[in-house]
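The values are calculated or read from the model by the stated rules, or taken from the named source; none is laboratory data. What you see is a predicted model; the values in this text were computed from it and never measured. Methodologically, a virtual Cβ is constructed for each residue, glycine included, from the backbone with ideal geometry; neighbour enumeration extends over all protein chains shown. Calculation scope for accessible area: heavy atoms of the full protein, side chains included, ligands and nucleic acids excluded. Shrake-Rupley method; radii C 1.70, N 1.55, O 1.52, S 1.80 Å.
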Amino acid sequence: MAETFADLIAAEDVLLFVNAAVTATGQREFRSDAHAQRLSLDFLHAYVCVNYRPLYAATLALDINDHNAARIIETLLRGAGEASAEEKRVEGRLIARRLAVLPPQRVYRLFRALRAARVNNRRTRAILRDWLAARPDLGHDAVKYRRGLKTAARHAHLPLGASKEGVPAEIGDFLFAPGRRTKYRHPLLDAHRRAHYEQGALYELPFTVAEGFAGRHGVGREALVERIAPRMTRLERLRTQESTGVRTERTEQRTDLTVMPVTRLALYVLSLPLDERVRRRAELTKALRAAARRTAGPYRGTWGRVAAVLDDSYSSSGSGEKRRRPLGTALACHFLLGSLAAPGAYTAWWTSGTADPLLVRPWGPTPLGTRILDALEHAPERLVIVSDGWDNAPPGLAGEVLRVWRTRLDREGRTSVVHLNPVYDTDGFDVRRLAPSVPTAGIRDAEDLPALVEIAQFAEGRTGIAELREYLDRRVALFVEDDSFCYFPGEPVGVPDGSARDGRR
């Protein structure tokens, strides 16, 4: 069936929203402030939800960032009356699945936003109740996310104090009547009670909670980190090292860099001084390559000859809220592309001209056009450009080089070119593009690179809504299939019925 102009517009609108949902977090960027980011993002959420609600919900199955996933869930629950029964069923499955993979602090923040907005319909209460029921240890949440759990319990009228099994009743008393019990059976609840007057109880608590009690007992941060290191998460240990420079024997031994996600590891490397990167070159390079190989998975070595143009200009420093994020994404992509390419068939060009990726830093202008020419001289099968799209040395050269290459020198498409942009452009409601002939997709984490390259093919302007809807349906099916938690409230757990499956197709 022939696509209409309206279909092409719809596909473009949805792709534009996906790019924004991947990159934008409402925080300040290098060239726009937080207010402009939030304003632009608010408009996009409202526009896409009103005009393409099923597709808007389906983006929960894509690799969008947690900020926008929570925004989508909140928007869908706020406008529950505008959805049909079948749409609600599909949305419920997607929301349940997405909540299961969101960080708990983000979910509790979402619940607080729903309470502030006075969204308390039956579906919201059921989703909230089922998510809490699936939490592995509600006692841990009561200590670590006390305010969030308290708000959620009040909002959904959860009877945390009515159970006769012991622990849930304790949680109700812990949250709403802390003076009622002199002792708790749950070890964390009791440690929290004792931490008010016993210094030793600090080291039985989660690190972030113990920090709050440390000042009261006169315990210094360094001493606290030294003793509580075994209870800290990997990220807490790294953040502590970065913010305080506290490196104890315990923290060093327990921080295994090779198991970290490649983008987070790249950001950690960039946070280190240059002399430390040189001193730990073997360790850091080994960890980055291991993370990249793990991320590449079955795609490892399957991309043939790959060339990359990576932006390490001054604008890649990001902002105070997203410090070095664009550069971190580019560095992670560098190692990941090296794993995806055939052995010995990967070459990279940084805009600064450096040949040592471990020592990259935000510096200088953005001669993208020159670097793209260098990369195309090697006739790669794939050219991946990771940049914020601001080409200024000279301005516009990159777009002209790509236009001439595609229209005059490579009409057969021997080289596949894709542009990945880690920065959301508020004025254009999209990520900034280099040339109309080059597909562009937003990127936040390098881990999503293979999927984003697949999405980018839709951004060439020749693909309509039918192909895009088919792609989204496939991703939705993969996202919710066989997940015991992912069911619409009221259905038997883990047994999605036929109508729900049909609704996704």
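Would you compute, from DSSP H runs of 4+ residues alone, the mean residue ellipticity of the chain at 222 nm, taking -39500 (n - 2.57) per run and dividing by the full residue count, rounded to the nearest 500?
After summing the helix terms and dividing by the residues of the chain, the value is -16000 deg cm²/dmol.
Work out how much length Arg146 to Leu272 would gain on full extension: take 0.36 nm times their residue separation and subtract the Cα-Cα distance, in nm to one decimal.
Taking Arg146 through Leu272 to full extension adds about 42.0 nm, to one decimal.
Below 13 angstrom from the Cβ of Ile72, what's the summed charge of the other residues (Lys, Arg +1; Asp, Glu -1)?
Surrounding charge for Ile72 is +2.
Where does the charge balance sit around Pro261 when Lys and Arg score +1, Asp and Glu -1, over other residues with C-beta under 12 Å from its C-beta?
Around Pro261, the surrounding residues sum to +1.
Glu86 versus Ala355, label points 7 Å from Cα toward the beta carbon: distance in nm?
Computed distance between label sites Glu86 and Ala355 equals 6.1 nm.
Send over a whole-number figure in Å² for the accessible area per residue of the chain, probe 1.4 Å.
Heavy-atom SASA per residue in the chain reads 45 Å².
Add +1 for every Lys or Arg and -1 for every Asp or Glu among the other residues with Cβ under 12 Å from the Cβ of Arg193, and state the total.
For residues surrounding Arg193, the net value is 0.
With θ taken as phi - 60° and the coefficients 6.51, -1.76 and 1.60, list the Karplus ³J(HN,Hα) couplings across the stretch 373-378 in order, rounded to whole Hz; mark glycine and proline as x.
Karplus values, whole Hz, x for Gly and Pro: 4, 4, 5, 5, 4, 8.
Solvent-accessible area of Glu412, probe 1.4 Å, all protein chains present, reported in Å² to the nearest ten, please.
130 Å²
Can you give the relative contact order of the chain as a percent, counting alpha carbon pairs under 8 Å and 6+ residues apart?
Answer for the chain is 18 percent.
Amide H of Asn392 versus every other amide H placed in the peptide plane: which residues, excluding those fewer than 5 positions away on the same chain, fall under 5 Å?
Hits under the 5 Å cutoff: Thr366, Leu368.
Across the stretch 382-389, in residue order, what do the Karplus-derived ³J(HN,Hα) couplings come to in whole Hz, using 6.51 cos²θ - 1.76 cosθ + 1.60 with θ = phi - 60° and x for Gly and Pro?
My calculation for the stretch 382-389 gives 10, 10, 10, 10, 10, 7, 7, x Hz in order.
If R0 is 30 Å, what FRET efficiency do you get for Arg234 and Ala451 from their C-beta distance, rounded to 0.05?
0.75
On full extension of the chain, what length is gained from Asn121 through Ala466, given 0.36 nm per residue of separation minus the C-alpha to C-alpha distance?
Extra length available between Asn121 and Ala466 comes to 120.9 nm.
If I model a spin label at Arg154 and Arg185 as a point 7 Å from the Cα along the Cα→Cβ vector, what separation in nanometres do I get?
Reported label-point gap for Arg154 and Arg185 is 2.8 nm.
Which far-off residues, 5 or more places away or on another chain, put their amide H under 5 Å from the one on Asp430, with H placed in the peptide plane?
So Asp430 has HN proximity to Asp425.
Within the chain, what is the number of lysine pairs with alpha carbons under 23 Å apart, leaving out pairs fewer than eight places apart on the same chain?
4
With every protein chain in place, what's the accessible area of Glu377 (1.4 Å probe, Å², nearest 10)?
150 Å²
Ranked by accessible surface with a 1.4 Å probe, highest first, in what order do Phe30, Phe335, Phe43 come?
Sorted descending by solvent-accessible area, the residues read Phe43, Phe30, Phe335.
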